[in-house]
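Beneath this line is the structure, given in structure tokens, with notes to follow.
The values are calculated or read from the model by the stated rules, or taken from the named source; none is laboratory data. Since the structure is predicted, the reported quantities are computational estimates derived from the model, not experimental observations. So basically every Cβ, Gly included, is an ideal-geometry build from the backbone, and we count neighbours across all protein chains shown. Ligands, DNA and RNA are stripped out before the accessible areas are found, and what is left, the full protein with its side chains, is counted by its heavy atoms. Shrake-Rupley method; radii C 1.70, N 1.55, O 1.52, S 1.80 Å.
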Amino acid sequence: MGILIRQGRIVDAATKTDMIGDIYLDEGIIKEIGDKLEKKEKNDRVIDAKGCLVLPGLIDLHVHFRDPGQTDKEDIETGAKAAARGGVTTVVAMPNTSPVIDNADRVKYVHNKAEQLAPIHVLQSGAITKGQKGDELADIVGMAQAGVPAISEDGKSVMNSQVYKEAMELAQKCGIPVLAHCEDINLRGLGCMNEDENAKRLRLPGICNATEDIIAARDIFLALYTGAHLHLCHCSTKGVAQMMEVVQARGIQNVTAEVCPHHFILTSDDIERDNPNYKMNPPLRTKEDVDALREGLKNGSIQVISTDHAPHSVRDKTGSMRSAAFGIVGLETSLALTYTELVEKGVLTVMQMVEKMSWNPAQILGLDCGTIQEGHPADVIVVDVEHNYKIDKTKFASKGRNTPFDGWDVKGKVLYTICDGKIAYEEKN
């Protein structure tokens, strides 16, 4: 059975397409794009997309599915369903699970489970060091052969620069990027929010911008030396935004960066009280940082919007920010928040949003999705941007409810998520 999507606004960054038209999907690929297409078979599904955006499925380079070992917080099935509900058809899962994904067998465990249970593509990244202890390299070559799209020590940085250099050299030989969590653990100390007047007001220990900036600068220099593709995760500071402008100005192709919605929307001023739902790593910074990150997205020096989807149990996000876990969920809110806060407010065009959330991530991973072109995978979403709705964490498909955006009025509700030509999510309300 094919799927005919009729009269939506098709926006594709790869081909710079922005048109009202029809798309016919069958056998897992985009078969035809045109005007007033007809059904090919009697039982073809027809989706009326009039007044809606029709976009390539989103690709999130940075999620935590907690499987294996922490499935009370999330598992591959619930994480994938949350992704589908948010219009995401491909995710890269971070390796800081229990046990850590640091060998080929554990990669295969996730990929096999995802093949059975996930309605979208779940790609498992591999750790850089064994057990993420920072001392000895993990089996990077073996994991690359098992299909990891990238390596990452996410949740921490590899503080030993020699070990990290060797990892980058292997990644470059294997043709996979390095996804970098930039944090000087000694500078962070016991910090739980940005080091500023708000931290003083709340009497909470702070994390200064240099914690991130120092490691980001080191990682960029190592990438330039080794030739590895370095992708800076969850950037939060003006300093990193400025570094990426220099990277862009010098025409450096093997260093890219991402920002998460919470970092381009919220500041530490939004933390009115000691509330763990505002605790993430890196922390919410200042308006000056937010403005710099938005400008980086606008001018193209920051190429990607990801979520750092980090579900936690209620127990782990209760009490003080001092002791609560870092992280918030984001898969089911990222598209709506990006559209509402950046597109509606004139920071990005719809085309730029698609570029940051679909096409650029696909290019970084070397995938043939992230685009609406005939012959490419049928990963397509239909999005209502005409009507406001409220974010309601009680309706999340994720096990996590840890978000500061509950109750926000937004536009950009995903009505359909189609992955490999099959409906992975359909809005029923």
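Which loop-located chymotrypsin sites (Phe, Trp or Tyr not before Pro) does segment 225-286 contain, where loop means any DSSP state but H, G, I, E or B and the Cβ has at most 16 other Cβ atoms within 10 Å?
Answer in residue order: no site qualifies.
What translational D, rounded to a whole number of µm²/s, comes out for segment 294-429 from Stokes-Einstein when the hydrodynamic radius is the Kirkwood one over Cα pairs, at 10 °C and 1.306 mPa s?
The estimated diffusion coefficient comes to 96 µm²/s.
Any chance you could look up the accessible area of residue 159 with a 1.4 Å probe, heavy atoms only, rounded to 10 Å²?
The value for residue 159 is about 70 Å².
Evaluate Rg over Rh across segment 370-429, taking Cα atoms for both radii and Kirkwood's formula for Rh.
Here the Rg-to-Rh quotient is 1.04.
What's the longest uninterrupted piece of the chain once you rule out the GluC sites (Glu not before Pro) that are loop residues per DSSP with at most 16 other Cβ within 10 Å?
It runs 137-271.
Could you work out how far helix 210-226 tilts from the main Cα principal axis of the chain, as a 0 to 90 degree angle to the nearest 10?
70 degrees
Find the accessible area per residue for segment 285-337; the probe is 1.4 Å, ligands and nucleic acids are left out, and the unit is Å².
Normalised by residue count, the accessible surface of segment 285-337 is 33 Å².
Give me the angle, in degrees from 0 to 90, between the Cα long axis of helix 104-117 and the longest principal axis of the Cα atoms of the chain, rounded to the nearest 10.
The two axes meet at around 40 degrees.
Residue 19 label point, 7 Å along Cα→Cβ, cut-off 13 Å on backbone N: hits in segment 36-74?
Inside the label zone: 36-37.
How large is the convex hull of the Cα atoms of segment 357-397 per residue, expressed in Å³ as a whole number?
Convex hull volume per residue, Cα atoms: 125 Å³.
Which FRET efficiency, nearest 0.05, do residue 374 and residue 252 yield, Cβ-Cβ r, R0 25 Å?
My answer for the efficiency is 0.15.
Taking the Cα-to-Cβ direction at residue 225 and at residue 347 and moving 7 Å from each Cα, how far apart do the two end points lie in nm?
With each label point 7 Å from Cα toward Cβ, the separation is 3.5 nm.
Taking N as the number of residues in segment 192-235, what value does Rg over Cα atoms divided by 2.2 N^0.38 Å take?
Dividing the Cα Rg of segment 192-235 by 2.2 N^0.38 Å gives 1.57.
Could you calculate the contour length gain from residue 291 to residue 36, that is, 0.36 nm times the residue separation minus the distance between their Cα atoms, to one decimal place in nm?
Length difference between fully extended and current span is 87.5 nm.
Consider all pairwise Cα distances in segment 65-104 and report the whole-number % of them above 14 Å.
Within segment 65-104, distances greater than 14 Å cover 46 percent of Cα pairs.
Taking the 0 to 90 degree range and rounding to the nearest ten, how far is the long axis of helix 76-85 tilted relative to the main principal axis of the chain, both from C-alpha atoms?
Approximately 60 degrees, to the nearest 10.
Along each of the three principal axes of the Cα atoms of segment 130-209, give the extent in whole Å, ordering the values from largest to smallest.
Ordered largest first, segment 130-209 gives principal extents of 51, 21, 18 Å.
Under 10 Å, Cα contacts only: if you run a Gaussian network model on the chain, which one of 313, 236, 125 comes out with the highest mean-square fluctuation?
For the chain, modelled as a Gaussian network with Cα springs under 10 Å, the answer is 313.
Heavy-atom accessible area per residue, segment 176-250, 1.4 Å probe: how many Å²?
Accessible surface, normalised per residue, equals 41 Å².
Taking the Cα atoms of segment 147-297, report the difference between the largest and smallest coordinate on each principal axis, in whole Å and largest first.
Taking the Cα atoms of segment 147-297, the three principal extents are 49, 30, 26 Å.
Given points 7 Å out from each Cα along the Cα-Cβ axis, report the residue 406 to residue 203 separation in nanometres with one decimal.
Here the modelled spin labels are 2.6 nm apart.
Roughly what percent of Cα-Cα pairs across segment 1-119 reach past 18 Å?
The proportion of pairs with Cα distances above 18 Å equals 60 percent.
How big is the C-alpha Rg of the chain next to the rule-of-thumb value 2.2 N^0.38 Å, as a ratio?
Rounded to two decimals, the normalised Rg is 0.93.
Roughly what % of Cα-Cα distances in segment 63-140 sit above 22 Å, to the whole percent?
19 percent
Pick from 184, 35, 60 the residue whose mean-square fluctuation is largest in a GNM of the chain, springs joining Cα atoms under 10 Å.
It is 35.
Compute for segment 256-354: radius of gyration divided by Kirkwood radius, i.e. Rg/Rh, restricted to C-alpha atoms, rounded to two decimals.
For segment 256-354, the value is 0.99.
Kindly provide the helix-only [θ] at 222 nm of the chain, computed as the sum of -39,500 (n - 2.57) over DSSP H runs of four or more divided by all residues, to the nearest 500 deg cm²/dmol?
-7500 deg cm²/dmol
Over the heavy atoms of residue 263, what accessible area does a 1.4 Å probe trace out, to the nearest 10 Å²?
10 Å²
Once you place label points 7 Å from the Cα toward the Cβ at residue 422 and residue 130, how far apart are they in nm?
The two pseudo-label positions are separated by 3.9 nm.
For segment 1-66, what is the per residue volume of the convex hull drawn over the alpha-carbon atoms, in cubic angstrom?
For segment 1-66, the hull spanned by Cα atoms encloses 126 Å³ per residue.
What figure in square angstrom, to the nearest 10, would you give for the accessible area of residue 259 with a 1.4 Å probe?
Here the accessible area works out near 0 Å².
Given N residues in segment 334-378, what is Rg(Cα) / (2.2 N^0.38 Å)?
1.27
Taking 0.36 nm per intervening residue step and subtracting the Cα-Cα distance, what contour gain separates residue 162 from residue 210 on full extension?
Fully extending the segment from residue 162 to residue 210 adds 15.2 nm.
Carbon and sulfur atoms: what percent of the 1.4 Å accessible area of the chain do they account for?
Solvent-exposed carbon and sulfur of the chain make up 47 percent of the total.
Give the shape of segment 84-222 as rounded, prolate or oblate, defined through the alpha-carbon gyration tensor: a ≥ b ≥ c are the square roots of its eigenvalues, a/c under 1.5 means rounded, and otherwise the shape is prolate if a/b is larger than b/c and oblate if not.
oblate
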